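Only one structure is covered here, and it is reproduced in the block below.
The values are calculated or read from the model by the stated rules, or taken from the named source; none is laboratory data. Since this is a predicted model, take the numbers as computed values, not measurements. Please note: Cβ atoms are built from the backbone with ideal geometry, for glycine as well, and neighbour counts cover all protein chains shown. The protein model used for the area step is the full one, side chains on, heavy atoms only, and it has no ligands, DNA or RNA in it. Shrake-Rupley method; radii C 1.70, N 1.55, O 1.52, S 1.80 Å.
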Amino acid sequence: MKRIGILSDTHAYWDDRYLEYFEQCDEIWHAGDIGSTTVADRLAAFRTLRAVVGNCDGAELRRMFPEVLRFRCEEADVLLTHIGGYPGRYDFRIRHQLYARPPQLFVCGHSHILKVQYDETLGLLHINPGAAGLQGWHQVRTLVRFTVDGSAFRDLEVIEMTRPKDFLDL
């Protein structure tokens, strides 16, 4: 059994609460647009980090992380990427992989919109953790925590973090 913390779209923003909220997690998964190696390094120093690059990530992060990562967590087949779309409307860059060999869990970011949805057609759980950084239009930053128990996913929690009071959109 593993406890997992998922975030996306930090866009180089660091919040010490990431570590607080992921304290009970065994692994942290970052679904792209990390924004800086500093954010990746701090997460990796805290827990095992699995991450993919996003469309806003630069060359240094692209040398560190792939665009698509497929792995096993416990007994579950997981596919992690940045731009993925949603059930019934998957992005063309990942659609073939999903339909050819559906994972049990598909995690992506990019939209800055939190969504947890079961895809009945492919028999997979889709998670987009929303955005944990400040860049973008979202007003509430979000993280996701859950447990992988064998091939089952349970105890899913959404963590909401408001923007800092001193942050101004210019």
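Name the one entry in 120, 157, 67 that is open to solvent by 50 Å² or more (accessible area, probe 1.4 Å) and in contact with a Gly (Cβ under 9 Å, 6 or more places away or on another chain).
Exactly one of 120, 157, 67 is open to solvent by 50 Å² or more (accessible area, probe 1.4 Å) and in contact with a Gly (Cβ under 9 Å, 6 or more places away or on another chain), namely 67.
Tell me the residue from 38, 10 that is surrounded by fewer than 17 Cβ atoms within 10 Å (Cβ to Cβ) and either closer than 16 Å to residue 60 by Cα or of a type outside the set (Asp, Glu) (or both), please.
Only one candidate qualifies: 38.
Anything in region 112-152 that is part of a loop (DSSP other than H, G, I, E, B) and either touching a Phe, Trp or Tyr at 6+ places or on another chain (Cβ under 8 Å) or in contact (Cβ under 8 Å) with a residue 40 or more places away in the chain (or both)? List them, or say none.
112, 122, 130, 131, 132, 133, 134, 135, 136, 150, 151
State all residues of region 128-145 that are among the hydrophobic types (A, V, I, L, M, F, W, C) and within 12 Å of the chain's Cα centre (by Cα); if no residue qualifies, say none.
131, 132, 143, 144
Can we say residue 126 is modelled with pLDDT of 95 or more, open to solvent by less than 60 Å² (accessible area, probe 1.4 Å) and on the phi > 0 side of the Ramachandran plot?
So residue 126 does not fit the description; no.
Report, by residue number, each residue of region 89-112 that is surrounded by 15 or more Cβ atoms within 10 Å (Cβ to Cβ) and aliphatic (A, V, I, L, M).
94, 98, 105, 107
Please specify each residue of region 22-35 satisfying the condition of being acidic (Asp, Glu) and either under 17 Å from residue 112 (Cβ atoms) or open to solvent by 10 Å² or more (accessible area, probe 1.4 Å) (or both).
23, 26, 33
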